[in-house]
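I'd like to ask you about the structure that follows.
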Amino acid sequence: MKLKVFHKFSYGLYIIASEHLGKKAGYIANTTFQVTSEPPQLAISCHKNNQTAEVILSSGVFSVSVLKKEVNMKIIGDFGFMSSGDIDKFAGIKSIKGQSGAPIVVDNSVAWFDCKVMKSIDLGTHYLIIGEVLDSDEIADEDPLTYQHYREKYKMYSPKNSPTYIEKSKLEAELIPVSEQADEPEHVHIFNGESYVCVICGYTYNPEEGDPSIGIPPGTRFEDLPEDYKCPVCNASKEYFKKV
Ligand code: FE
């Protein structure tokens with residue numbers, strides 16, 4: 001079996017959110033797809049370890065927000081790499097309440113769907129959850145974020161709870177020719193022999209490129225980043241970066 005061919009699937013990236021007894025939860029999903037048109041139903045696949053899974057199954061409702069192409073990476077870090085049990089992902093985020101009662105994230109999104117759970121199927125590690133769309137709306141006439149764009153721009157892989165997770169070392173072994181496997185992975189750029197990887201999410205800080213999205217110009221050494229610098233993906237502080 002070839003693992004890299006799993007990246008030939010086209011996906012978008014979405015925020016799935018729900019609320020039960022005042023507790024809000026949400027996560028980033030790429031597996032969200034329409035399964036019927038009459039009535040309109042969507043399916044999502046949610047890891048059992050995600051706090052959101054329990055909240056969706058208890059409340060019987062969830063929302064899907066379609067992220068915009070030039071998304072703020074803080075929202076990816078908070079919703080994609082943090083746990084709803086550890087942080088309030090909705091603090092500082094613009095959201096509305098759907099007719100189902102589910103919170104709907106409208107920040108950084110181009111459209112949303114408000115759904116009621118019709119069925120859930122236990123798939124071992126994940127629940128496949130089918131929801132009927134009660135309501136939907138467009139927020140902005142902009143391009144949605146695709147999973148391919150996310151992978152190419154941010155050089156990121158799926159987090160472990162994702163249905164599309166592939167172990168990084170196995171994937172890299174396939175992507176890099178055998179003769180070069182002792183060298184650095186292809187996405188790690190070298191600046192005076194150094195770049196820095198976030199050990200939590202795998203984001204690579206490349207001093208040659210800097211991080212212009214938050215005002216860090218190209219050519220900024222890691223040591224010269226402000227002390228309060230945070231990983232743009234998972235929000236981890238500088239101490240979680242490892243020199244490679
Ligand atoms: Fe990170």
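Quick check: pseudo-label points 7 Å beyond the Cα along Cα→Cβ at residue 149 and residue 34, how many nm apart are they?
Going from the residue 149 label point to the residue 34 one covers 1.9 nm.
Using alpha-carbon positions, what is the distance between the centroids of the range 39-118 and the range 15-33, in Å?
Using only Cα atoms to place each centre, the spacing works out to 3 Å.
Take peptides 202-211, 235-244, 143-152 and line them up by average Cβ neighbours within 10 Å, highest first, as a rough protection proxy.
On the way: 202-211: 19.0, 235-244: 14.6, 143-152: 16.5.
Most protected by this proxy first, the peptides run 202-211, 143-152, 235-244.
Local charge sum around residue 2 (other residues, Cβ-Cβ under 11 Å, Lys/Arg +1, Asp/Glu -1)? Intermediate values should be presented prior to the final figure.
On the way: positive: 4, 8, 170; negative: 174.
Spelling it out: positives minus negatives among the neighbours equals +2.
Also: Please tell me the relative contact order of the range 11-138 in percent, rounded to the nearest whole number, where contacts are Cα pairs under 8 Å and at least six residues apart.
Worked out over the range 11-138, it gives 29 percent.
Under the Kirkwood approximation applied to all pairs of distinct alpha-carbon atoms, what is the hydrodynamic radius of the range 11-138 in Å?
Taking every pair of different Cα atoms in the range 11-138, averaging 1/r and inverting gives 14.2 Å.
Taking all protein chains as present, what is the carbon and sulfur share of the accessible area of the range 11-138, in % to the nearest whole number, probe 1.4 Å?
Within the range 11-138, the accessible surface is 47 percent carbon and sulfur.
Another question about this same structure. Find the relative contact order for the chain and round it to a whole percent, using C-alpha pairs within less than 8 Å whose residues are 6+ positions apart.
The normalised contact order for the chain reaches 19 percent.
I'd like the antiparallel share, as a percent to the nearest 5, of DSSP beta bridges with both residues in the chain.
Just about 100 percent of them are antiparallel.
Of 218, 202, 232, which is farthest along the charge dipole of the range 188-244 in the positive direction, counting Lys and Arg as +1 and Asp and Glu as -1 at C-beta?
202
Further question on the same structure: Quick check for you: with a 1.4 Å probe and neighbouring chains kept, what is the accessible area per residue of the range 188-244, in Å²?
It amounts to 52 Å² per residue over the range 188-244.
Can you give the FRET efficiency for residue 23 and residue 1, using 1/(1 + (r/R0)^6), R0 = 41 Å, r = Cβ-Cβ distance, to the nearest 0.05?
Once rounded, the FRET efficiency stands at 0.55.
Still on this structure, please answer the following. Given a 1.4 angstrom probe, what's the average accessible area per residue across the range 66-134, in square angstrom?
Roughly 45 Å² per residue, with all protein chains present.
Express the carbon and sulfur contribution to the solvent-accessible surface of the range 188-244 as a percent, rounded to the nearest whole number, probe 1.4 angstrom.
Carbon and sulfur: 51 percent of the exposed surface of the range 188-244.
Continuing with this model, one more query. Restricting to Cα atoms and excluding each atom paired with itself, what does the Kirkwood estimate give for the chain in Å?
Evaluated over the chain, this radius sits at 19.1 Å.
Need the list of lysines near residue 68 for cross-linking: C-alpha distance under 25 angstrom, and skip anything on the same chain fewer than eight residues off.
Of all the lysines, those that pass the test against residue 68 - Cα under 25 Å, at least 8 places apart if same chain - are 8, 24, 89, 94, 97, 116, 153, 155, 160, 230.
Given bins 5 angstrom wide, list per bin the percent of all Cα-Cα distances in the range 188-244, short to long.
P(r) for the range 188-244, in whole percents per bin: 4, 22, 35, 28, 10, 0.
For the chain, with only Lys/Arg (+1) and Asp/Glu (-1) charged at the beta-carbon, what is the dipole magnitude about the Cα centre, in debye rounded to 20?
It comes to approximately 660 debye.
The values are calculated or read from the model by the stated rules, or taken from the named source; none is laboratory data. Here the structure is a predicted model, which is why all the values come from computation and not from measurement. Positions of Cβ are backbone-derived with ideal geometry, glycine not excepted, and every protein chain shown enters the neighbour counts. Ligands, DNA and RNA are stripped out before the accessible areas are found, and what is left, the full protein with its side chains, is counted by its heavy atoms. Shrake-Rupley method; radii C 1.70, N 1.55, O 1.52, S 1.80 Å.
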